[in-house]
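Enquirer: Encoded as structure tokens, here's the structure I'll be asking about.
None of the figures in this text is laboratory data; all of them are computed from the coordinates on show. Fair warning: this is a prediction, and the values are worked out from it, not measured in the lab. Here the Cβ positions follow ideal geometry from the backbone for every residue, glycine too, while neighbour counts run over all protein chains shown.
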Amino acid sequence: MPATPSTSTARRPRRTRTPRTAPPLGSLTQPEHRDTALGCGACGSPRVTRLSMSLADGTPVTFVSCHVCEERSWHGSGGALSVDAVLDRSRKQG
């Protein structure tokens, strides 16, 4: 008589996830892939590194670092943020 699988070893059907669309990646070496929408606010150069992140309080920001003049800035939905504002929003709430 063949053994029947127990409920603990029976396979459950897989749930499918809705695929997420990833934002396009930029490139510093290939001009056609550079996104210059948010260039350097100090010198205007499009040669910047941009990182999207969320601060500790949940505020979404974009950090921009210029390769030409080395300016660093943070931008939120309301525009540029000061370093003090970023630090205040980044403190661990305890």
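Enquirer: How long is the gain from D88 to D57 if the chain were fully straight, where each residue apart is worth 0.36 nm and the alpha carbon distance is subtracted?
Expert: Length gained between D88 and D57: 10.2 nm.
Enquirer: Next up: Please state the charge dipole magnitude for segment 42-90, taken about the Cα centre, from unit charges on C-beta atoms (+1 on K and R, -1 on D and E), reported in debye and rounded to the nearest 20.
Expert: 200
Enquirer: Mind ranking 10-17, 58-65, 77-84 by how tightly packed they are, going by the mean number of other C-beta atoms within 10 angstrom, highest first?
Expert: Values: 10-17: 5.9, 58-65: 14.9, 77-84: 10.0.
Answer by packing, highest mean first, reads 58-65, 77-84, 10-17.
Enquirer: Next question, about the same structure. Binning every alpha carbon pair distance of segment 42-90 at 5 Å from zero, what are the percents per bin?
Expert: 5, 22, 31, 23, 13, 6, 0
Enquirer: On to the next question. Would you kindly state how much longer the chain becomes between R12 and S77 on full extension, computed as 0.36 nm times their sequence separation minus their alpha carbon distance, in nm to one decimal?
Expert: Stretched fully, the R12-S77 segment lengthens by 19.1 nm.
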